[in-house]
């Protein structure tokens with residue numbers, strides 16, 4: 001499309017570049033591997049409870065690989081207004097979310 005002010009000039013198309021992310025610590029990789037993933041096409045989501053370095057715990061956190069997320073959705077979490085990001089540097093421990101598992105069990109029970 002050309003700009004209305006300057007005939008023949010093309011409007012700029014924003015280029016989205018992936019942010020660099022820190023690697024997951026080995027102990028957190030092992031903890032995350034124990035969490036059963038759910039899948040939506042190419043993205044694996046792992047519903048977790050995370051313990052942060054301030055000692056607080058957050059349930060309902062979905063951990064997924066940032067590059068795959070960006071490739072699929074075309075946006076980083078910091079730029080997605082509908083999401084909140086928990087920086088992995090703040091995570092001290094990862095475990096499966098029991099409340100998420102219970103919701104799945106209840107939904108499956110109702111369906112039968």
Being modelled with pLDDT of 85 or more and surrounded by 16 or more Cβ atoms within 10 Å (Cβ to Cβ) is the filter here, so list the residues in region 29-43 that pass it.
-> 31, 32, 35
For residue 102, are the conditions met, namely being at pLDDT 85 or above, on the phi < 0 side of the Ramachandran plot and exposed (fewer than 13 other Cβ atoms within 10 Å of the Cβ)?
-> no
Considering region 63-99, residues that are part of a helix (DSSP H, G or I) and more than 16 Å from the chain's Cα centre (by Cα), and then whichever is modelled with the highest pLDDT, we arrive at 98
The condition of being within 25 Å of residue 27 (Cα to Cα), modelled with pLDDT of 85 or more and part of a loop (DSSP other than H, G, I, E, B) holds, among 60, 55, only for 55
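The values are calculated or read from the model by the stated rules, or taken from the named source; none is laboratory data. Please read all numbers here as calculations on a predicted model, not as lab measurements. Heads up, the Cβs are rebuilt from the backbone with ideal geometry, glycines too, and the neighbour counts pull from every protein chain shown.
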